[in-house]
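The values are calculated or read from the model by the stated rules, or taken from the named source; none is laboratory data. Treat the numbers as computed from the prediction; the structure is a model and nothing was measured. Virtual Cβ from ideal backbone geometry, glycine too; neighbours counted across all protein chains shown. SASA here: full protein model, heavy atoms, side chains in, ligands and nucleic acids out. Shrake-Rupley method; radii C 1.70, N 1.55, O 1.52, S 1.80 Å.
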Amino acid sequence: MIFKEGAALYAVEVEREEGEDILYVNYLQAEYVPSIADNPDVMGRVIDALIENSNASRIVFVQQRNYNYPFEQTILLTEIARLYNFLLKQDELLSPAKLQFFGNISQVYGELSYLLGLLKQDPVGCYIELKNRIKSLRKGLEKGEAINKPTFVNYVRLLERIQGMLEGTKLIQSLIGVIGEYGFGDREIYSEVFRPDILPNFTFTRLMAQLPKNAEFIDQYEVGEEDNVIVTILKKENDSKYIYHVMPAEYNLTDEHHLLLNLARNVLTEHRPKTEEFTDPERTREVFFNISRDLLEELSKSKGIGLSNRELNKLARILVRHTIGFGLIEVLLMDDKLQDIVLNAPIGQNNIFVRHAKYDECVTNIIPSYEDADSWAAKLRLQSGRPLDEANPVLDTDLSFKNARARVAAITKPLSPHGLAYAIRRHRDDPWTLPLFIKNKMINSFASGLLSFLISGARTMLIAGTRSSGKTSLLGSLMLEIMPKYRVIVVEDTMELSVDAMRKIGYDILRMKVRSALVSGTTEVEAAEGIRTSLRLGDSALIVGEVRSDEAKALYEAMRVGALANVVAGTIHGDSPYGVFDRVVNDLNVATTSFKATDIIVVANPVRSADGLQTTRRVVSITEVRKLWSKDPAMEKGFVDLMRYNVEKDELEPTPELMNGDSEIIKSIAGNVKGWAGNWDAVFDNIVLRGKIKQEIVDASEKERKPQLLEAKFNSLANGVFYKISEQVRKDKGLPLEEYVFPKWKEWLYKEIEKW
C-alpha cells in the first residue's frame, strides 16, 4: 500500500521505480470510482498534480482496486499541464500588465480564468469554447461592434494563439477528427483515449485488461482447472508477434472480494514463512492455503459478505499466489501450451514475452513490477539455497506448483546492467513419450523404434541440440524406454526431468541434485562428484540432465565403465555430431579417445518455415560414433548417420547404411542376443516392430479419442506388455518376430483401452 492509514483524500505521492516516476493519487476514502474520462474534477486534480510533477510517466489512482494510466495516456495530460503552466506563469496571462492590452480587464480576466479552469478539467470543451468565442468575436469585429478596435483585435489574436497551442497538443490532435461530433461538456469523447488498466490493490504488476483495438481475433481457450483463466490470442496487422492476452480471476473480482483480499493480505504480511519453510514449498503452500481460507471465512462473516465454498477457495488461491507465491507468473504457468516465459530488464518497462506451442513468440498484456520481481528473487534464493547478488549475478533453479514445473534462470547486476531479468522454461506436467513425439512430428514411428531399440541395447547416448530444441523432453521420453525393473539414477543441477512422475508409475529411480556450473559458494555437491558417486550406488542406468562443464570428464568415465551394462545418457548443446565432438573435446577438455565411449548422438533442432515466422522442433539426425579413428571423427569417417532429416518431406529417413545393416553399434547389440547375431533381418524386424507399436498407440489414441493413451503411464504399461509377449514368442518361435508379436500385442491394446 503506497498510502499509510489516515492519508488525506486526494493526497499525491510520487515513487521512483526502475527509472520511472509514478504518480499515485489517494482515492481510498472516496465514495466513487475515480475516472479521468468521466469526471472533470478527477482530470483537474491530475493536471494540478502533473504541474508539480511533470516527469511522471504513469498515474495510479489507489482504491480497493488501483487504476493505472500508462505512459501513452499520461503524456497527453502532462502536455496539457505544461500548457496551463506556461500560460499562467510564464506568459502571465492573468497579470494586470498583460490584461491591459485586451480592453475590459474585469471581463477579460473572468473569461480567461474560466477558459484556464476548463483547460484543466475539459481540454476538448476548452478547445470548443475557444473556437466558438473566436468566431463570435470575429463576427462582432466585422459588424463594427468593437468599442476599442486595437484591444479587441489583440484579444482575438490572444485567443487564436491559445487555440493554436491547444490544437497542437497530442490530446486534441488524437481527437480532432471526432470533436465536431460531440457537444460541449460531453465527456464520452475521453473514453476513446483514457482507459486505465484496473489492477488489484495487492499487486504492483500491471495487466492491460482491455483487448487492444484493431487486433484480429485468432483463438481463445481456458486454462486452470479451478480458476478458468481466459486466454485470447490476437494479431495486429503489422506486428510479427501474436498478442497473448490473459485474464486471470483476480482481475474479475467484485469490490467486496477485493476488500476481503486486501484485509486478509494485511493480516498475512504479519505471518511471513520462515526460511526453513521454503525448503518444502508444496507443504508451505498447503499450510498457507488453509490459513488463507480460514482467515477469509472469518473476515467475510465479520463484514457481512456472503461467500460460497467455491468463491472461498478461489480467493484463498489468489491470496496464496500474491503472498508466498509468484503472482501472475503462476497464472502463465497454468497454460501447458506455453514453453518459455521471458521478463526483460528493466522490469516494469517491458511486457512479459512468451513462447507458445502453436503461435510461437507472443507478447503478453502483463507488465511486471520491480517490487514483485524483487520479491520473486528473494523467494528463489530461499527455495534454492543459492545466492543472487552482485557477486553471484546468475541463479539457476526450478519452480514446482500443483500443476506445473519450470526451470528458472535469473540474472541481475552487473551482468544485467538494468537489474533483474528472468527466463522461465515450463516443463510438461508428465514426461513426454515417443508416441507424443510421433503425433507432434518431432520423430516418425521408425525413428522411435530405432531409439527404443538402442535404449534397450544399453547404449551410451547424447541428445544434442540448440536451446529450445526439445533435448531434455526427448531424453525424458527415452527414460521411459528403460525397463522399470532396472534402477535409474538422474543427476541434474536444475530439476527438469519428470522423476516424480516416473516414480509414481513404478520406476526405481533416484534423483541427485548437484551444483550448477554457474554457481559457487554453496553447500551443493559438484556435478562431477555427483556423477562419480552414482557409480558407487549400485548397478544403474545413469541419466545426466545436461553436460555443461567439468562433469563431462566424469560422464565419460561413467560411459567407459557402464557402456555394456546399462544406459548412460545426457543432453548437451550442439547442432551436429561434429559440434558435439568439438564441444566435448575442445571446450570441455575430454580426451579424444574418451569421446569414443559415445555410441549414439541424436540431434534435435528447431526448423523454421520459409517465411521465418514459424518454428517446429524436429530430430534432424541419429548418428552412431564408430571407434576406428584416432584424431578427427569427421575426417576419418567416425560419424555414420543412421537416419537423416529430409526437409522437403519434413521427415526423418533411414540412410543406406542403416538399411544395408552397416551399423557397428546395432551389430554390437545384436551380438549379445541369441538369434540376432549375424541375422540382420531379425534385428531390423525388431526395430520395425517397436516403431509399429508406437504408431499403433498414436492411431488408437486418435481413433478412440483418448489422448491419455499417449501419456507416460500407458506407454510404460504398453512397453512392459511388449517385452512380456516378446519373451513368450521367443520361447515358442525362437525369435520375437513382428508377425507373431504385433498381433498379440494389438489384441491386448484394444482390450486394455476399454478400461481407460
Examine segment 94-105 for a residue that is open to solvent by 40 Å² or more (accessible area, probe 1.4 Å), without any contact (Cβ under 8 Å) to a residue 40 or more places away in the chain and within 23 Å of T203 (Cβ to Cβ), and state whether such a residue exists. no
Which condition does E727 not pass, out of (1) in contact with a Gly (Cβ under 9 Å, 6 or more places away or on another chain); (2) open to solvent by 70 Å² or more (accessible area, probe 1.4 Å), if it passes all the others? (1)
Among the residues of segment 84-102, is any outside any strand (DSSP E or B), modelled with pLDDT of 90 or more, out of contact with any strand residue (DSSP E or B) (no Cβ under 7 Å at 6 or more places or on another chain) and hydroxyl-bearing (S, T, Y)? yes
Unmet requirement for A421, which otherwise passes all of (1) touching a Phe, Trp or Tyr at 6+ places or on another chain (Cβ under 9 Å); (2) among the hydrophobic types (A, V, I, L, M, F, W, C); (3) touching a residue at least 40 places away in the same chain (Cβ under 8 Å); (4) open to solvent by less than 40 Å² (accessible area, probe 1.4 Å): (1)
Got at least one residue in segment 646-660 being within 39 Å of the chain's Cα centre (by Cα), under 26 Å from S549 (Cβ atoms) and among the polar types (S, T, N, Q)? no
Check whether at least one residue in segment 63-76 is touching a Gly at 6+ places or on another chain (Cβ under 6 Å), buried (at least 19 other Cβ atoms within 10 Å of the Cβ) and outside any strand (DSSP E or B), and report yes or no. no
Looking only at segment 346-385, and only at residues there that are open to solvent by 30 Å² or more (accessible area, probe 1.4 Å) and aliphatic (A, V, I, L, M), the one that is modelled with the highest pLDDT: V363
Looking only at residues in segment 113-139 that are among the aliphatic types (A, V, I, L, M) and either within 53 Å of the chain's Cα centre (by Cα) or modelled with pLDDT of 90 or more (or both), which one is farthest from P150 (Cα to Cα)? V124
Quick one: is K213 closer than 30 Å to Y32 by Cβ and among the charged types (D, E, K, R)? yes
Out of the residues in segment 730-756 that are assigned to a loop (DSSP other than H, G, I, E, B) and aliphatic (A, V, I, L, M), which is surrounded by the fewest Cβ atoms within 10 Å (Cβ to Cβ)? L737
Given the conditions (1) crowded, with 18+ Cβ neighbours inside 10 Å; (2) within 33 Å of the chain's Cα centre (by Cα); (3) at pLDDT 70 or above, and given that A527 satisfies all but one, which numbered condition is not satisfied? (3)
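If I ask for residues that are under 16 Å from K471 (Cβ atoms), polar (S, T, N, Q) and not in a loop (DSSP other than H, G, I, E, B), which ones from segment 590-646 would you list?
As a first pass, look at segment 590-646 and keep what is under 16 Å from K471 (Cβ atoms): 598, 600-607, 615-623, 645.
Next, only the ones that are polar (S, T, N, Q) stay: 598, 605, 615-616, 621, 623.
Listed by number, the residues that qualify are N605, T615, T616, S621, T623.
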I'd like the residue in segment 475-488 that is aliphatic (A, V, I, L, M) and part of a loop (DSSP other than H, G, I, E, B) and, out of all such residues, is most open to solvent (accessible area, probe 1.4 Å). M483
For segment 670-697, enumerate the residues that are part of a helix (DSSP H, G or I), among the hydrophobic types (A, V, I, L, M, F, W, C), surrounded by fewer than 20 Cβ atoms within 10 Å (Cβ to Cβ) and in contact with a helix residue (DSSP H, G or I) (Cβ under 7 Å, 6 or more places away or on another chain). V688
Among the numbered criteria (1) among the hydroxyl-bearing types (S, T, Y); (2) under 18 Å from Q121 (Cβ atoms); (3) surrounded by fewer than 16 Cβ atoms within 10 Å (Cβ to Cβ), which one does S54 miss? (2)
State which residue pairs qualify: first residue in contact (Cβ under 8 Å) with a residue 60 or more places away in the chain and in a loop (DSSP other than H, G, I, E, B) and inside segment 430-447, second residue aromatic (F, W, Y) and crowded, with 23+ Cβ neighbours inside 10 Å in any location, beta carbons under 8 Å apart, and separation of 6 or more residues or different chains. I443/F437
Can you tell me which condition M635 does not meet? The list is (1) under 18 Å from L454 (Cα atoms); (2) open to solvent by 50 Å² or more (accessible area, probe 1.4 Å); (3) of a type in the set (A, V, I, L, M), and all the others hold. (1)
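Condition test on A410, is it open to solvent by less than 20 Å² (accessible area, probe 1.4 Å), under 23 Å from V514 (Cβ atoms) and under 23 Å from the mean Cα position of the chain (by Cα)?
yes
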Residue within segment 119-129 that is out of contact with any Pro (no Cβ under 8 Å at 6 or more places or on another chain) and free of Cβ contacts under 8 Å to residues at least 40 places away in the same chain present: no
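For (1) among the polar types (S, T, N, Q); (2) without any contact (Cβ under 8 Å) to a residue 12 or more places away in the chain; (3) open to solvent by less than 10 Å² (accessible area, probe 1.4 Å); (4) not in a loop (DSSP other than H, G, I, E, B), each residue gets a yes or a no:
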{"position": "L450", "(1), (2), (3), (4)": "no, no, yes, yes"}
{"position": "F453", "(1), (2), (3), (4)": "no, no, yes, yes"}
{"position": "A458", "(1), (2), (3), (4)": "no, no, no, no"}
{"position": "I463", "(1), (2), (3), (4)": "no, no, yes, yes"}
{"position": "S473", "(1), (2), (3), (4)": "yes, no, no, yes"}
{"position": "V490", "(1), (2), (3), (4)": "no, no, yes, yes"}
